[in-house]
2 protein chains.
Amino acid sequence: MSTALETGVMSGQVSLAVSTVVFALRPHPASGAMTLWLPLVRRIREPYDGRWALPGGPLEAHQDLAASARQTLQATTGLESAYLEQLYSFGAVDRSPADRVVSIVYWTLVRADEDDAATNGPNVEWFVADEVPELAFDHNDIVRYALGRLRAKITYSPIALAFLPAEFTLAELRGVHEAVCGRCLDPANFRRQVIAGGTVMPTGTHLTGTSHRPPALYRAARPEEKKR
Amino acid sequence: MSTALETGVMSGQVSLAVSTVVFALRPHPASGAMTLWLPLVRRIREPYDGRWALPGGPLEAHQDLAASARQTLQATTGLESAYLEQLYSFGAVDRSPADRVVSIVYWTLVRADEDDAATNGPNVEWFVADEVPELAFDHNDIVRYALGRLRAKITYSPIALAFLPAEFTLAELRGVHEAVCGRCLDPANFRRQVIAGGTVMPTGTHLTGTSHRPPALYRAARPEEKKR
């Protein structure tokens, strides 16, 4: 029964692409509040010639999936991010008008200090993630999916730390949560929840050169320090 | 810059398969304790002729990813499970000795009442998930990944409910957690945590015909009933 076996036979008309959602935190152009941005690439051929799209490209036979995503990130932004994760594979039959393309999508979260070094590849422009124009293919769905996953995952995992340097204040961590979720959080509640969650630990040092009561610095908890 | 664009051009030597990890809870043949099982298919061609493998097959050009996974589930077990989710895509360059195959893997969790109706497709046999033999391709890695994901996800999501009928007792829910994680849980602690988590709600009715103190029945909380 050949359908129940992984035969490895080329199915002919299905091709495979790897695309990457690159999130960074930058000020909103209108409000100035930190918010999620992502780079898009202007297409220079059909289908969707001239439309903006997620950076990506066809998977080369010799190339690992994550390596393909890293190459895209590098070509688009000049960056080599520490946080790169597979997000989801999108394969609706009609997602490309020309042929059948399945896209394996990675996402990467760029730290502020990495973002400072970002450059723009050719035809690349950054957009506020919640305000992207009509994109090529099903890329609006993919951006929406990525935003939904990030906003869900930040509530139960330490993914927010991927936006921060190795040492950070609780106000900076709260700022990431607020930027991702688009709403303000009560500082005292936030502090209590983060401390109780056990995903961050005080370094024992304080931010220097700021005020007469410098805030404490924190770092990600090591696996053996985590609760349960 | 063509690498930064999703061109939709076939990259030639990469083919695409969809495989499915089907988990059901059945008694362990030695201990009798409920544990995770999964069906495997014996390969009848090279590469890995005669080896057991996850059920799956090449993606057909006209077929949706989830539809392909559903068809595999049906061909392997005769079932149409309610819970089917994309797990991960595996694409290491050397995962198949013959050619380059990327496998998009789905997983499905089978309820006990569904499992009662399960049949075996040709060349299909069920194995204890933690005790599978050496499989074809990287399928041991995939099974390990699926087990790890399930055991992580059960701690922060209501995924355990996918193994249960619409109404269930807390002892049955605890039984699922114990079977998935392979260790016993304290009934009073478990009850307290589940009630506090807010993912299940009492139906107001009780299991009938069992004892003079019949246990209360619960159901999944509806989205508007969930906390936070």
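Bear in mind that the values in this text are calculations on the coordinates, not laboratory data. Quick caveat, the model's predicted, so the values are computed rather than measured. Cβ: placed from backbone, ideal geometry, glycine included. Neighbour counts: every protein chain shown.
Tell me which strands (runs of 3 or more DSSP E) are completely within segment A:112-228 and hold 2 or more residues being hydroxyl-bearing (Ser, Thr, Tyr), or say none if there are none.
A:200-206
Kindly indicate the residue of segment B:125-146 that is small (Gly, Ala, Ser) and away from chain A (no Cβ under 14 Å) and also surrounded by the most Cβ atoms within 10 Å (Cβ to Cβ) among those meeting that condition.
B:ALA146
For segment B:62-75, does any single residue satisfy the condition of being assigned to a loop (DSSP other than H, G, I, E, B) and closer than 19 Å to B:ARG151 by Cβ?
No, every residue in segment B:62-75 fails to be assigned to a loop (DSSP other than H, G, I, E, B) and closer than 19 Å to B:ARG151 by Cβ.
Can you tell me which residue in segment B:49-91 is nearest to B:PHE163 (Cα to Cα), limited to those that are of a type in the set (Gly, Ala, Ser) and exposed (fewer than 15 other Cβ atoms within 10 Å of the Cβ)?
My answer is B:ALA82.
Only residues that are free of Cβ contacts under 8 Å to residues at least 24 places away in the same chain and within 9 Å of another protein chain (Cβ to nearest Cβ): list them for segment B:68-106, please.
Correct list: B:GLN71, B:GLN86, B:SER89, B:GLY91, B:VAL93.
Could you tell me which numbered condition A:SER103 fails, if it satisfies all but one of (1) in contact with an Asp or Glu (Cβ under 9 Å, 6 or more places away or on another chain); (2) in a strand (DSSP E or B); (3) closer than 22 Å to A:VAL180 by Cα; (4) not charged (D, E, K, R)?
Just one mismatch for A:SER103, condition (3).
Looking at the structure I just gave you, is A:GLU80 under 21 Å from A:GLU60 (Cβ atoms) and in contact with an Asp or Glu (Cβ under 9 Å, 6 or more places away or on another chain)?
yes
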